[in-house]
Each structure stands twice: as C-alpha cells, then as structure tokens.
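The block underneath contains the structure these notes are about, expressed in structure tokens.
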Ligand code: GLA
C-alpha cells in the first residue's frame, strides 16, 4: 500500500486498501492519467498506450486523460491551470522534470508519504508541483498543487485547480445539491455525457446553492455500483467542472473558482491550492459516506476537540429573538437544564444596539441595558445548572447603524463611485485589512477571555459584493475573494489557539458554510434555518451523503413551523433531530408539562446512544425520496447500533415496514429492542429477513436499539 513507482515506465501508483490510482509520464513528458478503480497488482500490466490525434480538430491533448491540463497548445477542453507572463505570453508548456517522496513524519502511519511531481515550463521560470497522499485504511487520496515563480518578472495565475480527475468511461451521472435559504441540500443527479456542468460559488463563501463536491456514477445505489467522489476543502468561491468528453471519457476539475480571481506571483512566490480528497467505492454511496465520515473524525476535525462528544444544546433564538435580557435568558436556562440540555446558547441580540437586524453588528460589546452587570451573572447561572455557555457572533459584518461603522466607514469593502448594496441591512467588513482583522480579534478575544464561553456560533448572513479592497496592491485586488476566506479562517484559528477547547459552529443564514474547507476550524454545522422535521428528513439525507453526522446540528423547534406552517408531533421532531447532533430551539416557556416530559425522555435516550450516532457508520436504509417510510441506522464496530424509522403519512392498512439492518456480523446474536419488545436475533436474520415495525398515524416514528450481548462464562 502507499505509493509505488515503476521507474522503467515512469509510472506512479497510489494504493490504498481497496483502491488504486495510476498515472504516468508520456512520450511528450506530459502527465497522463492511466487508471482509477479497484486494485491491480502487477504494475507491468499497464500498457504503454499512445494517444493519437483523431483529426486536426481533435488533438491528442484533448483525447488524453491528463493529470493537470493547462492552458497551452492544442487544448480546447476546460483547463486546470491558466496564467499570464509579464511579456504577454499566456501559453504554458509544462514538462515533467522529476519526482520526490516527502516524509512528513505523519502523526498516523496509515497516511503515506507525499508524492511530489515536478513540472517545469520549457522556457519560463515557472514550476508546478502536483502533490498526492494516500489515506490507506480509508481508501481516500489527497491531492493539491502549487505554482512557483522562480523568475524576476511577475506571473499572474488566472486559474489554478486543486486536481483533475479522469474516469475512463462515459454516459455517467453527477450528483450534487442545489439549495437556497431554508431549503439547503436539495439533491439532484444529472447526465454528464456530451456536456460540461459547473458547480460554483461566486459569493465569497460556499453558499446555499451547489456544494463543493462531486459524486459520479453510472448506476450506483446505496450498496452497489461504482462511485467516484471528491470533496474540496475550500471555504470560498469554488468551481467543480464535470465534462463528458466526446472521446469516451469523463473528467472533473475541482478548485478555486476562476470567477473574478487572480493570484499574482512575484519573484520566488509560491501559491498552494486547497486540498481535494477523492475516492472510489465499488459498493455504492454508503461506503463513500463512511469513508468521508471517518476522514473527518480521524483526520480533519480540529485536533483538540476531536474526541469531544457533542453536547445537547439549547439555543434561545426562536424563543426570544433580539429581545434578550438577563432575566428571560436565566428563565429559559432553568427550563433547558430541567429537560437535560448541557449547553445554553444565547443567539443574536446581546451586544451593541442590537434590537433588530437593523443595527449593532460590529459593536461586540455587551448591551448594558439588557445585561447591566455584563454576561457574568447569566453565565454563572448557566454553569450552576451544569450547562456550558455559548454565544452567537457574526464577525465579518457591520450594520451602517453601528459605532464601528460611524467611526470607520473605510472598514468595509467598496468600490469608488459605487454605493454599496445592503443585504439584511448589513455590509461586509474588509477583513483582509490589518486593522479590521486586529479589531475583530481584539473584541472576540476579549469576549472569550472575560467570559466563560465554551461555544461560539459564528454566523454570516450575507455574501460579498462590491469587493473593492484598496488596501491591496493595485495588481492584486482580484485576489480579494480568496484572501477573505483565508482571513476568516485565520481569525477562527487565532481565536482557537488562545481559547483551546472552545467549540465553534459554522452557520451562514443556516447551511451557507457547510464545506470541508471549514471542517478543520469548526466543530459543528448549522445545516439549515429550516427546522421543519419533514423538510429536514430530505435536507439531512442529502447532507449525510458527503458531510459528517457529528457536525449535523439539528434543533427541535415549535409548531406550526415558522417556515412551512406544518404541525408535526414533538416525538417525531425529536427523533429527526436525534439523527444528528441534538439541539432544542423551541420556546420552552410555551411547552406544556407533557412536552417537557417528551423532551426529557428523548434527551436522555439521545445521551445513551449519541456515541453511536456521532461516531458510527451511517446507513441510509430507506430514503424519504422513495417511500412514505424512511429509516437510517448507525452502527459502531459492528456490535452496537440504533435505527430511526419514520412514517410521513399513513395509508390505511399500510402500517408495516420491514427494516433490514446493515453493517452487522452475520454470526453474532444481537439483543434488539423495538416496539416495546426485547428479542435475541442473529445478525444474519436482522440483515436478510429484517424486523417488521408497525407505525401508525401521520408523522409517527420509532427507535430500534441493538447490540451484541457480552457472553458471561
Ligand atoms: C441567522 C441564523 C439563525 C440566527 C439568526 C440571528 O439567520 O441562521 O440561526 O442565528 O441569524 O440573527
């Protein structure tokens, strides 16, 4: 496993437990892709196929599957790299010039050395390096690249992608999501043959629409079929291009969007792209999700909080909105503690003149009318109730009606002779500016130092527009989208360094910041403002294909639901939220004694099983897109698990659903608790015959627990 090089054929092979990725240097010293799929042992079997042009219109370069297709020569397909030299030349001619294996003294021996392939331009002093690493046990490959200017004259990158993936097949389909505020993660699948499809964000953050990943297959299902997938670890403007080539292969190029982007390289400057994680599953989507989930749990999530089990939180936003004060928060805290919440989060409204969304953003100082003695009395109260305290912030933004803006109008992005557009009454701070960054760091650091805050919900309620950044060198101003996301992540990272152990939640008007780019800096995602339990079944299913369950914060809120006006029983709402990291966001002042009992009971069940949910493998047993019933299960080490079964709407005499569990050991006996029964059943029975559950009434739901009982001899 790891990396094998067949020097005689200039062939490079990346190998994990089940998967292999092969490329070679061809006769023109170009890097040609050879293979991606199940493992093949003998590297000598890969034949030296020479790709010829088909006609003067169909060049050999367009027919070749390449590892990094750049703008240059007879290439008409989408390129992964494009730039311009100071003398006006825009054409590149990169040639292979050697490789090295870099030993990172990795923390984990299951990550291979890094293979670095070096390409040099025939004439200009430009060096491009392609990097590859293998997560052997996970069957995941990591790719990125760098561009370095070794000459005295500047080089301007106009596009640089993290990686290019080729699939030696056509007539394929790509899956992604297309969402909007309150309706994130709307799944779709489209044919790619003969076309080029882009998933992109031009907003300065990844946004609610497409998501920075791809899933490509022909006829895959949950447990069958070949699936190629990739996730881009980037928090800003991204672009994923899927191209169905007319020559019988399919390609994907993934990286930073080239929309309004450049990166200037002065002498000796190097630019490194974000990381792209790719994989291949021969057994459908389920395995893909397991591998990505483990990638987060074992490698990508912030190291110092990685092993923390996510607490049950209560957030007071929907109960009190901007109308927060010490007294009403203390009252809610008491109620939250009484049902078993472990973390109390005060949302918007606690700072500056923040009485609505019209004012106050930027003034990160506790409002003295609402909290005359600061936050301390509330935090002490929350702590005395055995809960941690969390707080909402939206640091990148400012309301024109704020002290910050009145004093520093020049802190926002803006162009000359253009009036800035407002969205939710706010403007975007130019955090690439040193003084703005320092102001925000100072205020937030002070907030976290002076108060016992253990959780920060970091919001972003509008996207970037009129991105004039005159602090940047004139020829570098189109780097701003990239620099914004870099400054945002640096700010979080600097705060984390000063306040280790504090959890950060990535929110952007709901799920506008769900991406692998923020995973190394955050502990939770706010997946959607839409908390309607039925809508959530769909949102959460699509989310779970790619993103980790341990990051899927899901609140139980009140009915009729604010967004859909739908009324759904509380038990069902709880069960839907318990399939992720549980939160409660309803107005507890209005909950009846019976509601509080349902809450208490489910929170205590959740605490028993959350380790399995947050750390186990997720199985999508029945999709809500396919049936009135839906079901998911979570299994840890094949020995313990839990399943949630939902019925959206009842049809007469159709209350029975058969649930076939997955991921168990055929020969083991499991204790199974469901429908008020307790049974001893074999793993083979549970997986092949399954159990029958009876769900009655619209929005009914049920939990099944199962585990191998230790034999006492
Ligand atoms: C956004 C978030 C909400 C809430 C409000 C507060 O809309 O998504 O959860 O925090 O801001 O203004």
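Bear in mind that the values in this text are calculations on the coordinates, not laboratory data. Predicted model only: the values in this text are computed from it and were never measured. Ideal geometry is used to build each Cβ from the backbone, glycine not excepted, and the neighbour counts take in all protein chains shown.
Kirkwood hydrodynamic radius of segment 55-124 from all distinct Cα pairs, in Å? Each step should come with its number before you reach the end.
On the way: mean 1/r = 0.0684 Å⁻¹.
Mean inverse Cα-Cα distance, inverted, gives 14.6 Å.
At a threshold of 8 angstrom on Cα-Cα distance, excluding pairs fewer than six apart, so keeping six or more, what relative contact order does the chain reach in percent? Mind showing how you got there, number by number?
Numbers: 1707 pairs, mean separation 68.3, N = 713.
Answer for the chain is 10 percent.
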Requested in this report: Would you mind pulling out the separation of the Cα centroids of segment 258-279 and segment 308-342, in Å?
Outcome: 43
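Listed highest first by mean packing, meaning other Cβ atoms within 10 Å per residue, what order do 347-355, 323-331 come in?
On the way: 347-355: 21.0, 323-331: 17.4.
Result, highest mean Cβ count within 10 Å first: 347-355, 323-331.
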Query raised in the report: Relative contact order for segment 527-568 using alpha-carbon pairs under 8 Å, separation at least 6, rounded to a whole percent?
Result: 49
**Report entry** Between segment 553-622 and segment 219-238, the Cα center-to-center distance that results, in Å
**Finding:** 29
Report task. Taking all pairs of distinct Cα atoms, average 1/r, flip it, and tell me the Kirkwood hydrodynamic radius of segment 74-168 in Å to one decimal place. Result -> 15.0
Query - Rg/Rh (Cα only; Kirkwood hydrodynamic radius) as it applies to segment 356-422 - result: 1.13
Query raised in the report: Can you give the convex hull volume per residue for the Cα atoms of segment 118-265, as a whole number of Å³?
Result: 141
Report summary line: Rounded to whole angstroms and listed largest first, the alpha-carbon spread of segment 386-450 along its three principal axes comes to 54, 25, 19
Query raised in the report: When ranked by the protection proxy of mean other Cβ atoms within 10 Å per residue, highest first, what sequence do the peptides 411-417, 129-135, 651-657 form?
Result: 129-135, 411-417, 651-657
Report task. Normalise the Cα radius of gyration of segment 498-628 by 2.2 N^0.38 Å (N = residues in it) and let me know the number. Result -> 1.06
Query raised in the report: Over the C-alpha atoms of segment 119-206, what are the Rg and the largest Cα-to-Cα span, Dmax, in Å?
Result: 18.1, 52
Query - Globularity ratio of segment 200-312, using Cα Rg and 2.2 N^0.38 Å - result: 1.28
Requested in this report: At 0.36 nm per residue, minus the direct Cα-Cα distance, what do residue 423 and residue 651 gain on full extension? Give it in nm, one decimal, please.
Outcome: 77.6 nm
Report task. Place a label point 7 angstrom from the Cα of residue 196 along the Cα-to-Cβ direction, then list the residues of segment 216-235 whose backbone nitrogen is under 20 Å away. Result -> 216
Query raised in the report: Quick one: Cα convex hull volume of segment 430-483, Å³ per residue?
Result: 89
Query raised in the report: Given C-alpha coordinates of segment 353-497, what is the ratio Rg to Rh with the Kirkwood estimate of Rh?
Result: 1.00
Query raised in the report: How much mean residue ellipticity at 222 nm does the chain get from its helices, if each DSSP H run of length 4 or more adds -39500 (n - 2.57) and you divide by all residues, to the nearest 500 deg cm²/dmol?
Result: -5500 deg cm²/dmol
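Counting pairwise Cα distances across segment 429-563, what percent come out greater than 24 angstrom?
Details: 3634 of 9045 pairs.
Tail of P(r) above 24 Å: 40 percent of Cα pairs.
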Requested in this report: Work out the FRET efficiency for residue 4 and residue 680 from their Cβ-Cβ distance, taking R0 = 35 Å, and round it to the nearest 0.05.
Outcome: 0.15
Query raised in the report: Expressed as a whole number of Å, what is the distance separating the alpha-carbon centroids of segment 674-695 and segment 49-96?
Result: 58
Query - Approximate shape of the chain as ellipsoid semi-axes (Cα gyration tensor, √5λ), whole Å, largest first - result: 43, 36, 21
Report task. On each of the three principal axes of the Cα atoms of segment 1-69, give max minus min coordinate, whole Å, ordered largest first. Result -> 42, 22, 20
Query - Shape box of segment 603-692 [Cα atoms, principal axes, largest first, Å] - result: 37, 28, 25
Query raised in the report: Label 7 Å along Cα→Cβ of residue 57; segment 187-218 residues with amide nitrogen under 19 Å?
Result: 194-196
Query raised in the report: Once segment 1-123 is represented by equal point scatterers at the alpha-carbon sites, with solvent omitted, what log10 I(q)/I(0) does the Debye formula produce at q = 0.11, 0.16, 0.20 Å⁻¹?
Result: -0.45, -0.89, -1.20
